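First up is the structure itself, then whatever we jot down about it.
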Amino acid sequence: MIGLTRALVECESPSGDRAAVDRFVELMADTMAPLAAVRRPSGGVYGRHLVCDVRLPRQRKSGRDKPAHILVLGHSDTVWPAGTLRTMPFRSAEGRLWGPGVLDMKGGIVLFVSAVRALRELEIPASTRVRLQLNSDEEVGSPSSRALTESNARQCAAVLVLEPGTGLAGKLKTARKGVGEYRIVVHGKASHAGVDFKAGASATLELARQIERIYTFTDLASGITVNPGVISGGTRSNVVAAEARAEIDVRVVHAADARVLDKKFRALRPYDPRCSIEVSGGVNRPPMPRSKGAVRLFQMAQRLARELDVELEESLSGGGSDGNFTAALGVPTLDGLGAVGEGAHAANESILVDRMADRAALLAKILAGV
Ligand SMILES: [Zn+2]
C-alpha cells in the first residue's frame, strides 16, 4: 500500500494540467486493469475521467432485473502545481506518509484498490456491482465531470466517497455544506489623481464599501460563511481606479440559504451612483443534507468498523465534494471514507500509516455488505 501511495503521489496531477492528469489516469488505468473493465471518458479541457467496473468474486444478483450498484467516487486531480515534489517530496516519517495530494486524495484511492484486491484474493463475494469513478476536475468544481457523476449515481443504490475523513480520528461525513463562488466587478471612472481628481469615480473605494456590506451576509450560527478572499483593482496609484474585482467563497448548510444569499448578492447597488456593479456566479455544489439514507449507511459502517475495533464517528464538513451532487439527487451518500490524516491543501499534508489497513478493511467490508 505504501509503494502504491508513493507511485501515485510521485505522479503529479494538478487539475488544470491536462497532460499531467492524463499520465496519472494512465497509471490508475494500468493499476485497475487486472481488477476491472476500464473506460476513460473525455474530460474536455481537463484530463480524462476514469470509470472502472470492478470484477468482484461470485456476484449474486440482488434485484430481479437489475443488480444493485455502488458508485465509489474519487478524483485524480490535486491542488498542487507541477514541480511541488521538488520542495515537498514523498516521504515516510513519524508514522506518516507525506507529499502533495497524499491525503486529498491519492491515499483514499490506494485504500479502494487494496479493498478490491483483498476481496478478490480472499474470494469474499459481493452482493452488488461496484463502479469506481475518478474525476479529473474535482478541485476546480467538477465542471466537466458533474453530468457523468450524476448519470452514474442515478443507477446506484449508494455512493461512497473516498475523500479524507474528518480530523485525525477520521470521522465519516454524513453532511456537507454547499459551496459557491461569486465574482464582483465594479466599474468606475478613471481620472488623473492630481489634475482631475473630482472627475474620477473610484472603483477600488466602491469595492471596499461593498466588501463591508458583503461581510454582513455571514451568519455563523446558521453555518453561512461569505469570504471575499481575493480582491484586485486599479492600475497605478496616481490614477483613480476604473475597475476593481472580488472573488467571494460562500458556504451554506441549507439549499434555502443559498437562495436568500443569491438575492442579497443580486441586490447589491453602488454607493456612488457613477459606479456600476456586475455580479456573477452562485452556489455550484448544493448542500449534502444529513439524509436518512446517509445515516443508514453510516450506521452500517459504524457496525462494521466495530468488528475491526474501530469506533467511527460522523461529522458535518464545511468543504464540498462530488458527493454533494449525488446526495442532491437523493442517492444515499457516505463521504470521508478515504485516508486518515491532516493538512489537505497545506504543506503538512500527510496520512497516518497505521490507519491504512483498517480503513481499507472497512471499505472492503462495506463493498461486501451493502
Ligand atoms: Zn478531495
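The values are calculated or read from the model by the stated rules, or taken from the named source; none is laboratory data. Every value quoted in this text rests on a predicted model; they were computed, and no experiment measured them. Cβ: placed from backbone, ideal geometry, glycine included. Neighbour counts: every protein chain shown. With ligands, DNA and RNA removed, areas are computed over all heavy atoms of the protein, side chains included. Shrake-Rupley method; radii C 1.70, N 1.55, O 1.52, S 1.80 Å.
If we scan the range 83-105, do we find a residue that is farther than 23 Å from Gly336 by Cβ, open to solvent by 70 Å² or more (accessible area, probe 1.4 Å) and touching a helix residue (DSSP H, G or I) at 6+ places or on another chain (Cβ under 8 Å)? Yes - at least one qualifying residue is present in the range 83-105.
Listed by first and then second residue, the pairs linking a residue in the range 334-352 that is at positive phi to a residue that is of a type in the set (S, T, N, Q) and within 12 Å of the ligand (Cβ to nearest atom), with Cβ atoms under 9 Å apart and 6 or more places separating them unless they lie on different chains, are Gly336/Ser317; Gly336/Ser321; His345/Thr78. Each residue in the range 1-40 was checked for being open to solvent by less than 30 Å² (accessible area, probe 1.4 Å) and touching a strand residue (DSSP E or B) at 6+ places or on another chain (Cβ under 7 Å), and 10 pass. Where strands (runs of 3 or more DSSP E) sit wholly within the range 1-107, those with at least 1 residues that are without any contact (Cβ under 8 Å) to a residue 60 or more places away in the chain and over 29 Å from Gly369 (Cα atoms) occupy 91-93. Considering the range 183-223, the residues that are open to solvent by 20 Å² or more (accessible area, probe 1.4 Å) and in contact with a His (Cβ under 9 Å, 6 or more places away or on another chain) include one that is nearest to Val252 (Cα to Cα), namely Ser222.
Taken together, the criteria place Glu313 among residues that are in contact with a strand residue (DSSP E or B) (Cβ under 6 Å, 6 or more places away or on another chain) and surrounded by fewer than 19 Cβ atoms within 10 Å (Cβ to Cβ).
Among residues of the range 303-314 that are under 12 Å from Ala357 (Cα atoms), those with a Cβ under 6 angstrom from a residue that is open to solvent by 20 Å² or more (accessible area, probe 1.4 Å), sequence gap 6+ or separate chain, pair up as Leu308/Asp358; Leu308/Ala361; Val310/Asp358.
Restricting the search to the range 251-282, which residues are in contact with a Lys or Arg (Cβ under 9 Å, 6 or more places away or on another chain) and closer than 30 Å to Pro332 by Cβ? Scanning the range 251-282 gives Arg251, Val252, Val253, Gly281. Determine if the range 282-291 includes at least one residue that is of a type outside the set (Gly, Ala, Ser), within 16 Å of the ligand (Cβ to nearest atom), open to solvent by less than 60 Å² (accessible area, probe 1.4 Å) and within 28 Å of Ala244 (Cβ to Cβ). Yes: one or more hits.
Would you mind stating whether Gly180 is assigned to a loop (DSSP other than H, G, I, E, B) and in contact (Cβ under 8 Å) with a residue 12 or more places away in the chain? Steps first, answer last, please.
Values: assigned to a loop (DSSP other than H, G, I, E, B): no; in contact (Cβ under 8 Å) with a residue 12 or more places away in the chain: yes.
So Gly180 fails the test.
Taking the range 106-140 as the range and being at pLDDT 95 or above and of a type in the set (Gly, Ala, Ser) as the test, the residues that pass are Gly107, Gly108, Ser114, Ala115, Ala118, Ser136. The residues of the range 81-131 that are of a type in the set (Gly, Ala, Ser) and in contact with a Phe, Trp or Tyr (Cβ under 7 Å, 6 or more places away or on another chain), listed by number, are Gly99, Gly101.
Looking only at residues in the range 157-173 that are part of a strand (DSSP E or B) and within 15 Å of the ligand (Cβ to nearest atom), the one that is most open to solvent (accessible area, probe 1.4 Å) is Thr166. All of (1) more than 21 Å from Asp22 (Cβ to Cβ); (2) surrounded by fewer than 24 Cβ atoms within 10 Å (Cβ to Cβ); (3) touching a residue at least 12 places away in the same chain (Cβ under 8 Å); (4) more than 16 Å from the ligand (Cβ to nearest atom) hold for Val116 with one exception: (2).
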